[in-house]
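The values are calculated or read from the model by the stated rules, or taken from the named source; none is laboratory data. Since we're looking at a predicted model, the values are computed, not measured. For neighbour counting, all protein chains shown are included, and Cβ atoms are generated from backbone atoms with ideal geometry for every residue, glycine included. These accessible areas exclude ligands, DNA and RNA; they are computed on the full protein's heavy atoms, side chains included. Shrake-Rupley method; radii C 1.70, N 1.55, O 1.52, S 1.80 Å.
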Amino acid sequence: MRQSTLFTKTKKEVPAGEVAKNAQLLIKGGYVFKNMAGAYSFLPLGLRVIGKINKIIREEMDAIGGQEMVMASLQDSSLWEATDRWDDDNVDVWFKSELKAGGTVGLAWTHEEVITDIMRQFVSSYKDLPQYPYQIQKKFRNEMRAKSGIMRTREFEMKDLYSFSATEEQHQEFYEKCAEAYMKIFTRLGIGHKTYKTFASGGAFTKFSHEFQTLAEAGEDVVYVNEEKGIALNEEVIDQVDLAEFGVTKDELVKMKSIEVGNIFSLGTKFSGALNLNFTDEAGLSKPVIMGSYGIGPARAMGTVVDLLADDKGIVWPESIAPFKVHLVALNTDNQELVDWADGIYEALKDRGIEVLYDDRDARAGEKFADSDLIGIPYRVVISKKTKEAGKLEVVTRVTGVTRHLTEGEIWADFDSNPGT
Ligand code: ATP
Ligand code: MG
């Protein structure tokens, strides 16, 4: 893509009151636009990143048997009354609205009731189980606080998968598989080294649920961690458990701030019981289906990556989710010969299937480099009068700052041996 045609531009200022580093950098870089507190639009660059995050999530969910679908946002009260989750006294995040035709609808803030209702139509025997439907879809929540940029918003995409199992063993097996898939996802997103599967307060029928908490100063949560033993517990459970069971003492745990990027819950028969989702087992007995729910916030994960990996010059994307792999920066664009050379490199990159943002704008070198640092694309390839004279291109790796001078042939060899995304 030619940067001269991109309708977004980098900005020096952020809206007053935007205190979160992730949103500040993403707004400056032209990735997101803040519509109001708790509501952001994803601009072309931002959508490319979210798209890549979602692709990674899809690949890992599909690999463990997930089946993608999309559920409605508009919700009728009846289902939610059956589980006691319609009343504003029980659930304080509902957005509700009056229908012109009469009656109240709510905007779904989660989908356990909805998917249970759907599965009632398709599950009747143990032969219909297990099933793992999931979606990546907008949730609406009337969150009290919205200070963490794109990490806590009032409308946000969530990947929510629901498991439907016939037996506790079947459920447990999937629960563990999903936990492993989550670690793979966070590793592929570049935050695996800081992310812990933590013990959190109970699912409906188990002692614990698990959260995936990424250690970060900007986090809203608190966890107690022993990095060596790879153990982490949420603050809310620390005083309720016997730490000996985890093989640690309180002194061996360090209190740290963290971001909840995902969580997994055993739901038992809470929803299937309330909504009559039953199946007939091998012995002909009718039983409620055993359920689990598994969430990830793609935008929260994106904000976490920005927060953790950025440096003082701007965003640093891991190659796996960068909007482009290469930022081709042409200087001295008043020189037609140079422009021709840069155009040729641009075409050659595209021909090789390498995603490239081409800074073909007529702007000063300082401005181009500052923008490039801010936008944070993994490799910057610079073409200038100087590089032309040397017969080489300059390749700067964003994360390390390492600069290399390579011939065209050497660049292709380099990128071919490291195809990245
Ligand atoms: P939190 O405790 O941070 O409010 P939650 O327990 O309400 O999170 P879930 O309802 O289980 O979270 O949602 C699943 C995932 O969706 C979370 O792990 C998080 O990554 C993401 N998420 C939750 N709330 C928001 C939000 N307001 N904005 C963006 N992402 C969110
Ligand atoms: Mg919440």
Compute the accessible area per residue over the chain, keeping the other protein chains in place, probe 1.4 Å, unit Å². 46
Expected max-MSF residue from Phe164, Phe156, Phe208 in the GNM of the chain (alpha carbon, under 10 Å) is Phe208
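Against the empirical 2.2 N^0.38 Å scaling, what ratio does the C-alpha Rg of the chain come to?
Taking N as the residue count of the chain, the ratio is 1.13.
Less than 14 Å Cβ to Cβ from Asp281, Lys/Arg counted +1 and Asp/Glu -1: what total charge do the surrounding residues give?
Here the charged neighbours net out to -2.
Would you mind telling me the share, in percent, of accessible area of the chain contributed by carbon and sulfur at probe 1.4 angstrom? Intermediate values should be presented prior to the final figure.
Details: 9620 of 19270 Å².
That share works out to 50 percent.
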How many angstrom separate the Cα center of region 271-295 from the Cα center of region 63-80? 17
Relative contact order of region 178-276 (C-alpha contacts under 8 Å, at least 6 apart) in percent is 32
For region 334-421, I need the span (max minus min coordinate) of the C-alpha atoms along each principal axis, in Å, sorted largest to smallest. 33, 27, 21
Bin by bin, in steps of 10 Å, what percent of the Cα pairs in region 1-146 do you find, going until the bin that has the longest distance? 9, 26, 29, 25, 9, 2
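Considering Cα pairs under 8 angstrom that are at least six residues apart, work out the relative contact order of region 153-213 and quote it in whole percent.
Numbers: 39 pairs, mean separation 10.9, N = 61.
The normalised contact order for region 153-213 reaches 18 percent.
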Tell me which trypsin sites (Lys or Arg not before Pro) from region 89-182 have a DSSP coil assignment and no more than 11 other beta carbons within 10 Å of their own. Lys100, Arg145
Exceeding the 24 Å Cα-Cα cut-off - candidates Lys9/Lys194; Lys55/Lys325; Lys184/Lys257: Lys9/Lys194
Rounded to the nearest Å, the spacing of the alpha-carbon centers of region 83-119 and region 1-56 is 31
Treating the beta-carbon of each Lys and Arg as +1 and of each Asp and Glu as -1, no other charges, what is the dipole magnitude of region 1-83 about its Cα centre, to the nearest 20 debye? 840
Over the Cα atoms of region 11-60, each weighted equally, I'd like the Debye log10 I(q)/I(0) at q = 0.21, 0.29 Å⁻¹, rounded to two decimals. -0.73, -1.08
Have a look at Ile296, Thr206, His171 and report the one farthest towards the positive end of the charge dipole of the chain, computed about the Cα centre with Cβ charges (Lys/Arg +1, Asp/Glu -1). Ile296
If every Lys and Arg gets +1 and every Asp and Glu gets -1 at its Cβ, then about the Cα centre the chain yields a dipole, in debye to the nearest 20, of 1220
